[in-house]
Amino acid sequence: MNELPGADAKQLERSIRSEEVSGQIVDTRARLFTKKQTRDKYLEFMKQGKNVDEVLKVQNEVNALQEEIESAESRLAWLSGQAHYSTVELNYFEPKAGYTSASQRSLGGRMTAALKEGAGGLGNLMVGLLYLWPMWLIGFLLLWLLRKRSWLRLHKNR
């Protein structure tokens, strides 16, 4: 992973996530094998049981072990599925042809870009002012009404 980007490549983002499940599979298999052997010994003891109390105690132990065995088998199946479906996903991309970052441009190139951006900003300001045409219209109407009112007062007082 560290050797994939070249010396001239700029890395924008990198995310690595992994989970090793093979160690868990080996551990779960070993525990499962031990539990099965213990269960088999308990079953032999149950055959040799002399009274009902001994048989019931051994049966309770066998039942508990059987639950643990089934749980371990289901975990083992899930871990095996995880190992089979594991994937490695790498995403690398290159900038479009002709793209240069601001730090790579010359002073003249940056000044030209600043003039273009400034002109674009001025254009956006003008368009924004045009969106306010209803406010301009109301303002002009109010100004006209105020002037007319003052003109009427002036001529009325004469």
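Rank these residues by their accessible area, most exposed first, probe 1.4 Å: K41, K36.
Sorted descending by solvent-accessible area, the residues read K41, K36.
Once label points are set 7 Å from the Cα along Cα→Cβ at both R149 and V127, what is their separation, rounded to one decimal in nm?
My value for the distance between the label points is 3.8 nm.
Using protein chains only and a probe of 1.4 angstrom, how many square angstrom of R75 are accessible, to the nearest 10?
110
Between F140 and E67, what is the label-point separation in nm under the 7 Å Cα-to-beta-carbon projection?
8.6
What accessible area, in Å² to the nearest ten, does a 1.4 Å probe give for S80?
Accessible area, nearest 10 Å²: 30 Å².
The values are calculated or read from the model by the stated rules, or taken from the named source; none is laboratory data. Keep in mind it's a predicted model, so treat the numbers as computed, not measured. Positions of Cβ are backbone-derived with ideal geometry, glycine not excepted, and every protein chain shown enters the neighbour counts. Side chains are part of the model used for accessible areas, which takes the heavy atoms of the whole protein and leaves out ligands, DNA and RNA. Shrake-Rupley method; radii C 1.70, N 1.55, O 1.52, S 1.80 Å.
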